[in-house]
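The values are calculated or read from the model by the stated rules, or taken from the named source; none is laboratory data. Since we're looking at a predicted model, the values are computed, not measured. A quick note on method: Cβ atoms are made from the backbone with ideal geometry, for glycine too, and the neighbour counts reach across all protein chains shown. The protein model used for the area step is the full one, side chains on, heavy atoms only, and it has no ligands, DNA or RNA in it. Shrake-Rupley method; radii C 1.70, N 1.55, O 1.52, S 1.80 Å.
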Amino acid sequence: MGQDIRKKLMQNTDDERDIMLIGKIYKSFEALEETLGKLQLEEPLFITYMAKKSFADTVFSQIKHNNEKAQVQRLIN
């Protein structure tokens, strides 16, 4: 029982760290877009926008996958 609690606490810590990193990466994309926009560098701005979109799509896809996996695991247990 104690190991289960410890495992959940470790998972929560990992999740919090991941959320912070995702937020920092997203903010970096935002800052880069703002800078490129001010410099009127259209092609790099478009590439950055597409990279940010791809990053967000990947993050949300992974979240969906993890939620489905957790739901299946709950049904099994």
*Expressed as a whole percentage, what fraction of the accessible surface of the chain belongs to carbon and sulfur atoms when a 1.4 Å probe is rolled over the protein heavy atoms?*
60 percent
*Label-to-label distance, nm, for residues given as Leu41 and Leu75 (7 Å Cα→Cβ offset)*: 4.8 nm
*Given a Förster radius of 22 Å and the C-beta distance between His65 and Glu16 as r, what FRET efficiency does 1/(1 + (r/R0)^6) yield to the nearest 0.05?*
0.70
*How large is the charge dipole for the chain, taken about the Cα centre, if only the Cβ atoms of Lys, Arg (+1) and Asp, Glu (-1) carry charge, to the nearest 20 debye?*
400 debye
*Positive-pole candidate from Phe55, Met20, Leu41, dipole of segment 15-73, charges at beta carbon*: Met20
*Enumerate lysine pairs in the chain that are 8 or more residues apart or on different chains, then count those whose Cα atoms are under 18 Å apart.*
9
*What accessible area per residue comes out for the chain, rounded to a whole number of Å², with a 1.4 Å probe?*
91 Å²
